[in-house]
Amino acid sequence: MAKLLISTCLLLQLISSYSLASNVNNLNVQNYGAKPDGMTDSSRPFLQAWGKACSSSKPVTIHVPARNFLITGITFSGPCKNTDIKFLIDGTIVAPSTYANLRKPNKWIVFDTVEGVSINGGTFKGRGKALWNCKSVKHHHCPDGAPTLMFTNSKNIAINSITSINSKLFHTVILGCDGVTLQDVNIIAPESSPNTDGIHVESSTGVTIFRANIKTGDDCISIGPGTSHLWIEGVNCGPGHGISIGSLGKKGQGLNVDGVRNVTVKTTVFAGAKNGFRIKTWGTKSRGYVKGVAFVNAIMKNVKNPIIIDQHYCPHDKGCPSKGSSSGIKISDVKYVGIHGTSASKVAVNLDCSLSNPCRQIGMRDIKLTCKRAITSELQECSRNFAGIYGSS
């Protein structure tokens, strides 16, 4: 009988220990005080759960249940002891309805110097309309705004099956990171929303974007200086400004600009987008490069500029370099393969390269783009404009 009691006690202790460990490894933000009403700021409870996960020596899941949670601004900082932290989001994370209520005007949800973090599921509502309206009025002093989700100086990151709606600025930013995967991402904002790039990658290496549906008011994907070994596949873009490398060489970036290299984009669809594949540089003396780029297997549906290299980029004709200036960014080894569909303009391929640094090794194969005749609406082959090209094929 005594042995039975001892065995029972040991069993209860094991069950208790397992239950405690289970609670430590699965953190519900509501247990830390987060309110699922969409009106009470839950930034502090989220940070408390993060602190617990960050200091753990075992894998931890932070659970955000269904319903709405207001976050006014939060930075999940590392480095952490834990390199396996999973956010499981069943609910919706909402920003303040007015940009003035953000804790910091240029930050909303930031992960800095973390490793092995994954975000799985959930909806992020940036509520950017008030800021967009401010920007639409001339001479208003509006902040730039805050990206919805931003990873900086981090590695081994996974972002899976999230939906980002109406971001105040860029939807997702990957800056100074190594080893990031974004998969099954949905991004939604009106065509008129300013500066709402879907995914922005800069100063990062080993980034993969796989299966994304992006409808927004700026670039669906923008690729900034210092990006290398980027793989993009299975993206639907439109409305939006296409998939863009740059802009590079803008005043203020310095005389030497970090280059962009080893970028592959394949199996994409552009529908009603302003651009398809775009490389854009300012006509300044800034030195840099774009090389080792492949755009493969794309469908264009009524796209204004299906293929464009613009080395005289200057949006809205503001702050432009002096007339006759030439870009110092060297573009080489760019391949366009298997690009079919319709152009909304007569010039479907527009390569406007630098005269002082001509584009080199520009390859095109299986390019079939048609546009409609103005009078009959019949489809015809579009024209192509090549300027400043050396050694193209």
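Checking the conditions here, which among G91, G51, G73, G78 is modelled with pLDDT of 95 or more, at positive phi and either surrounded by fewer than 18 Cβ atoms within 10 Å (Cβ to Cβ) or not polar (S, T, N, Q) (or both)? Lay out the reasoning, then the answer.
Values: G91 fails: at positive phi; G51 fails: at positive phi; G78 fails: at positive phi.
Only one candidate passes the filter, namely G73.
Looking only at region 325-349, count every residue that is surrounded by fewer than 19 Cβ atoms within 10 Å (Cβ to Cβ) and in a strand (DSSP E or B) and tell me the total.
The number of residues fulfilling the criteria is 8.
Would you mind stating whether G38 is of a type outside the set (K, R) and either surrounded by 15 or more Cβ atoms within 10 Å (Cβ to Cβ) or touching a Gly at 6+ places or on another chain (Cβ under 7 Å) (or both)? Outline the logic, then answer.
On the way: of a type outside the set (K, R): yes; either surrounded by 15 or more Cβ atoms within 10 Å (Cβ to Cβ) or touching a Gly at 6+ places or on another chain (Cβ under 7 Å) (or both): yes.
Criteria met by G38.
Tell me yes or no: at least one residue of region 160-172 is on the phi > 0 side of the Ramachandran plot and either within 19 Å of the chain's Cα centre (by Cα) or of a type outside the set (F, W, Y) (or both). Quick ask: steps written out before the conclusion?
Just the residues of region 160-172 that are on the phi > 0 side of the Ramachandran plot, to begin with: 161, 166.
Next, only the ones that are either within 19 Å of the chain's Cα centre (by Cα) or of a type outside the set (F, W, Y) (or both) stay: 161, 166.
Yes, region 160-172 has at least one match.
Considering only region 123-236, give the strands (runs of 3 or more DSSP E) lying wholly within it that have at least 3 residues that are within 23 Å of W282 (Cα to Cα) and in contact with a Leu (Cβ under 8 Å, 6 or more places away or on another chain).
Values: elements: 123-125, 149-152, 155-160, 163-165, 172-175, 178-188, 199-202, 205-215, 221-223.
Hits in region 123-236: 199-202.
Quick check, is A271 more than 24 Å from N357 (Cα to Cα), open to solvent by 10 Å² or more (accessible area, probe 1.4 Å) and among the small types (G, A, S)?
Here the answer is yes, as A271 does meet what is asked.
Which of the residues that make up region 55-69 are open to solvent by less than 20 Å² (accessible area, probe 1.4 Å) and aliphatic (A, V, I, L, M)?
If the condition is that a residue be open to solvent by less than 20 Å² (accessible area, probe 1.4 Å) and aliphatic (A, V, I, L, M), then V60, I62, V64 are the ones that fit.
Name the pairs whose Cβ atoms lie under 9 Å apart, with the first residue in region 298-312 and open to solvent by 30 Å² or more (accessible area, probe 1.4 Å), the second acidic (D, E) and in a strand (DSSP E or B), and 6 or more positions between them or separate chains?
Matching pairs, first to second residue: D310/D352; H312/D352.
What's the number of the condition I174 fails, among (1) touching a strand residue (DSSP E or B) at 6+ places or on another chain (Cβ under 9 Å); (2) within 17 Å of D218 (Cβ to Cβ); (3) in contact (Cβ under 8 Å) with a residue 40 or more places away in the chain?
Only one criterion is unmet by I174, namely (3).
What pairs can you find where one residue is in region 93-117 and under 15 Å from L131 (Cα atoms), the other is among the aromatic types (F, W, Y), and their Cβ atoms are less than 6 Å apart, with a gap of 6+ or different chains?
Here the result reads A95/W108, each pair linking region 93-117 to a residue that is among the aromatic types (F, W, Y).
Can you name every residue in region 30-80 that is farther than 25 Å from T98 by Cα and touching a Leu at 6+ places or on another chain (Cβ under 8 Å)?
Those that are farther than 25 Å from T98 by Cα and touching a Leu at 6+ places or on another chain (Cβ under 8 Å): A49, K52, A53, V60, T61, I62, H63.
Considering only residues that are of a type in the set (F, W, Y) and out of contact with any Pro (no Cβ under 9 Å at 6 or more places or on another chain), which ones fall in region 105-160? Steps first, please.
At the first step, the residues of region 105-160 found to be of a type in the set (F, W, Y) are 108, 111, 124, 132, 151.
F111, F124, F151, listed by residue number.
Give me a count of the residues in region 174-192 that are small (G, A, S), surrounded by fewer than 24 Cβ atoms within 10 Å (Cβ to Cβ) and under 17 Å from G272 (Cα atoms). Outline the logic, then answer.
First, the residues of region 174-192 that are small (G, A, S): 176, 179, 189, 192.
This time we only want the ones that are surrounded by fewer than 24 Cβ atoms within 10 Å (Cβ to Cβ), so: 176, 179, 192.
Subset that is under 17 Å from G272 (Cα atoms): 192.
Total satisfying the criteria: 1.
Confirm whether K346 is out of contact with any His (no Cβ under 6 Å at 6 or more places or on another chain), more than 14 Å from I367 (Cα to Cα) and free of Cβ contacts under 8 Å to residues at least 60 places away in the same chain.
On the way: out of contact with any His (no Cβ under 6 Å at 6 or more places or on another chain): yes; more than 14 Å from I367 (Cα to Cα): yes; free of Cβ contacts under 8 Å to residues at least 60 places away in the same chain: yes.
Judged against the criteria, K346 is a match.
Starting from residues that are at pLDDT 95 or above, part of a helix (DSSP H, G or I) and not hydrophobic (A, V, I, L, M, F, W, C), keep the ones in region 25-43 and report whichever is nearest to K104 (Cα to Cα).
Taking region 25-43 as the starting set, the residues that turn out to be at pLDDT 95 or above are 26-43.
Right, trim to part of a helix (DSSP H, G or I) and you get 29-32, 43.
Restricting the remaining residues to those that are not hydrophobic (A, V, I, L, M, F, W, C) gives 30-32, 43.
Values: Q30: 24, N31: 26, Y32: 23, S43: 13 Å.
That would be S43.
Only one residue in S17, S22 is at pLDDT below 95 and open to solvent by 70 Å² or more (accessible area, probe 1.4 Å), so which one is that? Lay out the reasoning, then the answer.
Values: S22 fails: open to solvent by 70 Å² or more (accessible area, probe 1.4 Å).
Only one candidate qualifies: S17.
State all residues of region 207-248 that are among the acidic types (D, E) and crowded, with 21+ Cβ neighbours inside 10 Å; if no residue qualifies, say none. Even if it seems obvious, please write down each step before you answer.
We begin by selecting, within region 207-248, every residue among the acidic types (D, E); these are 218-219, 233.
Result: D218, D219.
The values are calculated or read from the model by the stated rules, or taken from the named source; none is laboratory data. Because the structure is a prediction, the values reported are computed rather than measured. Ideal geometry is used to build each Cβ from the backbone, glycine not excepted, and the neighbour counts take in all protein chains shown. Each accessible area value is taken on the protein alone, full model and side chains, heavy atoms only, with ligands, DNA and RNA left out. Shrake-Rupley method; radii C 1.70, N 1.55, O 1.52, S 1.80 Å.
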